[in-house]
Amino acid sequence: MAVDPAGPRQSGQPRDGGYGEALFEPWRPGEGERIDLGSLTYDDTTRRRLLALGVGPGSRCLEVGAGTGTVARWLAEEVGVAEVLAVDRDVRFLEPHAGGALHTLAADVTAPGFDPGRFDLVHARFVLMHLPEHRQVAARLAGLLRPGGHLVLGDAIDLTTAAPPDSPYRLAMRAMWRALHTTIGTDVGWTPQYPRLLAGLGLTGVGAEVTVPPLTAGSPIAAFWLDTWKRSRPAMLATGLVTEDTLAVAEQALADGTAADLSPGLITAWGRR
Ligand SMILES: C[S@@+](CC[C@H](N)C(=O)[O-])C[C@H]1O[C@@H](n2cnc3c(N)ncnc32)[C@H](O)[C@@H]1O
């Protein structure tokens, strides 16, 4: 698929009820800022890993589910890669930044015709966990690599909610994961299997790491969860796993830095073709 340097275009139809429209309402003010709180938390980890894997000025990169484009812009403007194609179903947060080595493409990576070329780096962060067909999508993304290229996949990893104690914070987190599952299809139960998934695709040099940011008062990650809970509040309450009162206590604990627990983290996994 050739990229139109004049701007984004559609490839396939967005999926009904797909990521975010129902829950996060990207047209409502603040959604770009919410995504950026995740970037502020995790971009250092992602950058370090991509550089360690040898991404550099000659690289041709595909950034899948690029969101507000912080990783794509860093690749284009600071690493100085040859080209970055930033793909998202919804490019409203990307378009203002396109230019130079950075191109955008409005496309659904699950659409049958999605084939944007071949790349030295294919990266997707916090995308596959929202896609029930994540195995097929991972295989498709691996198929977009040039020989020697790297597939790097990052998603949330939940280290706490399966077990007691049933603190307000854990009850709220459980309700959030259930709400994301019923509305979007999000599932983080499988993400610890990432290394096996990548090895099963025939990739070599497979590795993985986990980053868990501390839940300190005023931190970007605390603000991210508070904002995520705010946007998904009706769906969280509808799960029956948390009440208004419990949620209020959990929110206060996050705001004060007194949750005394682990945040969900980022698992980053990679492999080479
Ligand atoms: C949680 S955001 C993550 C954004 C960015 N990768 C980051 O880490 O900051 C998920 C992004 O993936 C996009 N997305 C979800 N499903 C997609 C699909 N099937 N095809 C393309 N983009 C998708 C969403 O529109 C959203 O921008």
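None of the figures in this text is laboratory data; all of them are computed from the coordinates on show. For clarity, every value in this text was computed on a predicted model and none was experimentally measured. Ideal geometry is used to build each Cβ from the backbone, glycine not excepted, and the neighbour counts take in all protein chains shown.
Diagonalise the Cα gyration tensor of the chain and give the resulting equivalent ellipsoid semi-axes, square root of 5 times each eigenvalue, largest first, whole Å.
In descending order the semi-axes read 31, 20, 18 Å.
For the stretch 85-94, in order, what is each residue's ³J(HN,Hα) by Karplus, 6.51 cos²θ - 1.76 cosθ + 1.60 with θ = phi - 60°, in whole Hz (x at glycine and Pro)?
9, 9, 10, 7, 5, 10, 9, 4, 8, 9
What residue among HIS123, ALA86, LEU197 has its Cα farthest toward the positive end of the dipole of the chain, where the charges are +1 on Lys, Arg and -1 on Asp, Glu, each on the Cβ?
LEU197
Can you tell me the 0 to 90 degree angle between the C-alpha axis of helix 31-52 and the longest principal axis of the chain, rounded to 10?
Its long axis makes an angle of about 60 degrees.
Whose amide H sits under 5 Å from the amide H of THR104, counting only residues 5 or more places off or on another chain, with H placed in the peptide plane?
For THR104, the qualifying residues are ALA86.
Cα atoms only: what Rg and Dmax, in Å, come out for the stretch 164-217?
Computed over the Cα atoms of the stretch 164-217, radius of gyration and Dmax are 15.3, 43 Å.
What does the stretch 204-264 give for Rg and for Dmax, in Å, if only its C-alpha atoms count?
14.3, 49
Given labels modelled 7 Å from the Cα in the Cβ direction, how far is it in nm from ASP115 to GLU244?
5.4
Taking the Cα centre of the stretch 49-164 as the origin, how large is its charge dipole in debye, to the nearest 20, when only Lys and Arg (+1) and Asp and Glu (-1) carry charge on their Cβ atoms?
Dipole of the stretch 49-164, to the nearest 20 debye: 240 debye.
For a quick check: with amide H placed at 1.01 Å from N, whose amide H comes under 5 Å from ALA217's, ignoring anything fewer than 5 positions away on the same chain?
GLY257
Taking one equal scatterer on every alpha-carbon of the stretch 161-258, how large is log10 of I(q)/I(0) by Debye at q = 0.18, 0.23, 0.24, 0.25 1/Å?
-0.89, -1.20, -1.25, -1.31
Give the angle, between 0 and 90 degrees and rounded to the nearest 10, that separates the Cα long axis of helix 220-231 from the longest principal axis of the Cα atoms of the chain.
Taking the Cα atoms of the chain, the angle to 220-231 is about 70 degrees.
Measure nothing fancy, just the Cα-based angle from helix 168-183's long axis to the longest principal axis of the chain, in degrees from 0 to 90, nearest 10.
Between the helix axis and the principal axis of the chain, the angle is about 50 degrees.
Over the chain, what is the percentage of antiparallel beta bridges among all DSSP beta bridges, to the nearest 5?
Rounded to the nearest five, the antiparallel share is 40 percent.
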